[in-house]
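Notes to accompany the following structure.
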Amino acid sequence: MRIHITYTGGTIGMVESPNGLIPGADMRGWLHRLITDAHLDPDLFSFTELDPLIDSSNATPDNWQAMIDDLHSHRDEADAFVVLHGTDTMSYSSAALSYALAGFGKPVIFTGSQHPLGKIESDATANVTGALNAAMSGRFHGVGLFFGHHLFAGNRVSKSSSWAFEGFSAPSTGPLARTGTPWHWYAGSALSGEGWKNPKPYTRHDVAVIDMAPGISAARLGAMLEPRPEAVLLRAYGVGNVPSDEPGLTDVIADVLHDGVPVVIASQCQQAEVLLGHYETGDAIARAGAIGSGDMTLEATYAKIMFLLSQGVDAADFGTWITRSIAGEISPSSL
């Protein structure tokens, strides 16, 4: 089986510098030794090091597109793909690629590590070998994320810890598989979507991400929405509730919608299903035209908004597409 590895940067390949960790490890040499020690044929592996390598905290939709372009350029010569990525925004990137690669037809597995590969306590070897095993398993087709002994759907996962080796979780769906002797695969945990024909490249768009908090005023919310962004992702409470007794606050949201700006409501809960109108505190914005994100993660919702804007979807059709599954990012119960 031929495997292509795309190295984007991240903690896994970082070294110490006077100003903290920076990319600089010999990733190609380390991977060659890892593959050889595992008695795999190095000739079956190809490798790309993106330029520049980045800390994933600096990732943008331009970097998502660079990964997509690299995977497409090697599609015909490889059977499966592994993307080495920093942990901070890995779940954003894996969600973004799941939409753009819904018709790719070959497994793409993201992984990284909490410690650089040069440290004795590093989790790099376990995560990379796990990602390779997932890619070569023949049991997963799509964009996944392997970390801390678990394989997840790439658009169902969030980073849940900055220090634990099991640093990612999928609160609404759980993992697809976990390592063991043999691996344990969870039946029925993978969802499919309808895909997207001939997706256009990712481009940068002005999306405002705003959290509700007790005491937020209409004036403050309004100030954060001027000038108008292209879309708003509002992280509300529970199932999509906002402080409706705060004078003028729901009017601010209604005005934004009236101006043709899509407003998507997510939950601050890791495990949630947004049900606008279930409580009176969410009913006003539902009637104004706000769109609930169902049980999607924050990362999957944000990446989906960016994907739809990149495809040229207008405000009138935004609600239709947010609540349709492109790559299994939202459960049937939320459709």
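Things worth noting here:
- In the stretch 277-335, residue nearest to Leu234 (Cα to Cα) [restricted to those that are aromatic (Phe, Trp, Tyr) and open to solvent by 20 Å² or more (accessible area, probe 1.4 Å)]: Tyr302
- Search result, residues across the stretch 201-221 that are in contact with a helix residue (DSSP H, G or I) (Cβ under 6 Å, 6 or more places away or on another chain) and open to solvent by 50 Å² or more (accessible area, probe 1.4 Å): Pro201, Thr203, Arg204
- Number of the condition not met by His39 [criteria: (1) within 22 Å of Glu194 (Cα to Cα); (2) open to solvent by 10 Å² or more (accessible area, probe 1.4 Å)]: (1)
- Matching residues, the stretch 117-154, being assigned to a loop (DSSP other than H, G, I, E, B), open to solvent by less than 10 Å² (accessible area, probe 1.4 Å) and touching a strand residue (DSSP E or B) at 6+ places or on another chain (Cβ under 6 Å): Gly154
So that you can scan it fast, the table gives a plain yes or no per residue for (1) among the small types (Gly, Ala, Ser); (2) open to solvent by less than 30 Å² (accessible area, probe 1.4 Å):
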position	(1), (2)
Pro229	no, yes
Ala236	yes, yes
Pro243	no, no
Val263	no, yes
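- Whichever residue in the stretch 1-25 is of a type in the set (Gly, Ala, Ser) and surrounded by fewer than 14 Cβ atoms within 10 Å (Cβ to Cβ) and, among such residues, is nearest to the chain's Cα centre (by Cα): Gly20
The values are calculated or read from the model by the stated rules, or taken from the named source; none is laboratory data. Given the structure is predicted, the values throughout are model-derived calculations rather than measurements. Because the Cβ atoms are built from the backbone with ideal geometry, glycine has one as well, and the counts that use them run over all protein chains shown. Please note that ligands, DNA and RNA were not included when accessible areas were found on the heavy atoms of the full protein model with its side chains. Shrake-Rupley method; radii C 1.70, N 1.55, O 1.52, S 1.80 Å.
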